[in-house]
Amino acid sequence: MSYYDFNARGTPEDMATASSFGPLIDAGLRDHMQRVYGYMAGGLALTGIVAYAAAASGFYQSIAGTGLIWIVMLAPLAFVLVISFGIERMSAATAPVLFWIYAAVMGLSLGGIFLVYTGTSIARVFLITAATYGAMSLYGYTTRSDLSGFGSFLFMGLIGIVIASLVNIFIGSNILQFAISIIGVLVFVGLTAYDTQRIKQMYLVSDSPQIAGKKAVLGALALYLDFINLFMMLLQLFGRRRED
């Protein structure tokens, strides 16, 4: 079982250990989840600061009409792949550094939202996202229901969103974009609860402290992506565009 596989689940032996050492497991789990949420919150803060700075300084506008914009837009995907598939070979100190760099690069790619939407609507949608996200993550953490059965369904929905978004780049349909946003909200709300439960269950798999640290980074990456995507879908639905 790969320690970075998000499909990993606690085995019966792990569950038995958790039952025998409940208080110790609970304390360790709380520390682990606080570390995950700490990375995630820090990443979101860094992304927001860089995005605003990129728009306010004119950097985003200066590259919008050049080939550099494609590098900026695709760089976050490259970082996700490097972290997800290369974390097993990384040192415990390298993984967090790459996560922070990724969050900053994501901020550069999102700088355009401050040019398209009003600051008030961005703040409002952020608060809506935070409230929705917090409720679903809390549900994923506390529920006794097994959410693993929803994994395949949510993944299929995610693939559908990606394909539909690529198609809509060429056809520019407002109706299709509206449908993508609605479905996207449902998918990422579900993924928030699902990923939270997976991160919690992965903690039960006994690992060294170094591997546990990498798990915290990978868990933070998953929750960070859920938040960012949920925010963008809600922004497309409720964001108020600037007047030309």
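Of all the residues in the stretch 78-87, those that are surrounded by 13 or more Cβ atoms within 10 Å (Cβ to Cβ) and either under 15 Å from the mean Cα position of the chain (by Cα) or touching a residue at least 24 places away in the same chain (Cβ under 8 Å) (or both) number 5. Here L154, L115 are screened, and the one residue that is surrounded by 12 or more Cβ atoms within 10 Å (Cβ to Cβ), in a helix (DSSP H, G or I), touching a residue at least 24 places away in the same chain (Cβ under 8 Å) and within 16 Å of the chain's Cα centre (by Cα) is L154.
Among the candidates L223, L204, L176, L166, the residue that is modelled with pLDDT under 95 and within 23 Å of P76 (Cα to Cα) is uniquely L166. Would you be able to say whether some residue in the stretch 195-212 is part of a helix (DSSP H, G or I), among the acidic types (D, E) and either under 23 Å from I128 (Cβ atoms) or over 16 Å from the mean Cα position of the chain (by Cα) (or both)? Yes, there is a match, as at least one residue in the stretch 195-212 is part of a helix (DSSP H, G or I), among the acidic types (D, E) and either under 23 Å from I128 (Cβ atoms) or over 16 Å from the mean Cα position of the chain (by Cα) (or both). Pairing each residue of the stretch 188-205 that is in contact (Cβ under 8 Å) with a residue 60 or more places away in the chain with any residue that is crowded, with 20+ Cβ neighbours inside 10 Å and basic (K, R), provided the two are 6+ apart or on different chains, yields C-beta distances under 7 Å for M202/K215. Using the structure shown, decide if A51 is within 14 Å of L225 (Cα to Cα), in a helix (DSSP H, G or I) and in contact (Cβ under 8 Å) with a residue 60 or more places away in the chain. For A51, the condition - within 14 Å of L225 (Cα to Cα), in a helix (DSSP H, G or I) and in contact (Cβ under 8 Å) with a residue 60 or more places away in the chain - is not met. Of all residues in the stretch 132-141, none are surrounded by 14 or more Cβ atoms within 10 Å (Cβ to Cβ) and not in a helix (DSSP H, G or I).
If I filter the stretch 212-230 for residues that are among the hydroxyl-bearing types (S, T, Y) and either surrounded by fewer than 16 Cβ atoms within 10 Å (Cβ to Cβ) or touching an Asp or Glu at 6+ places or on another chain (Cβ under 9 Å) (or both), do I get at least one hit? There is no residue in the stretch 212-230 that is among the hydroxyl-bearing types (S, T, Y) and either surrounded by fewer than 16 Cβ atoms within 10 Å (Cβ to Cβ) or touching an Asp or Glu at 6+ places or on another chain (Cβ under 9 Å) (or both).
Go through the stretch 28-68 and count every residue that is of a type in the set (A, V, I, L, M), exposed (fewer than 14 other Cβ atoms within 10 Å of the Cβ) and farther than 25 Å from M136 by Cα. Qualifying residue count, the stretch 28-68: 4. Just one of (1) in contact (Cβ under 8 Å) with a residue 60 or more places away in the chain; (2) assigned to a helix (DSSP H, G or I); (3) closer than 23 Å to P96 by Cβ fails for L230. It is (3). On the given criteria, is M33 in a helix (DSSP H, G or I) and either under 25 Å from R241 (Cα atoms) or touching a Leu at 6+ places or on another chain (Cβ under 8 Å) (or both)? Answer is no for this residue.
Looking only at the stretch 88-103, residues that are buried (at least 16 other Cβ atoms within 10 Å of the Cβ) and either basic (K, R) or not in a loop (DSSP other than H, G, I, E, B) (or both) come to 6 in all.
The values are calculated or read from the model by the stated rules, or taken from the named source; none is laboratory data. Fair warning: this is a prediction, and the values are worked out from it, not measured in the lab. No Cβ is skipped: glycine too gets one built from the backbone with ideal geometry, and neighbour counts run over all protein chains shown.
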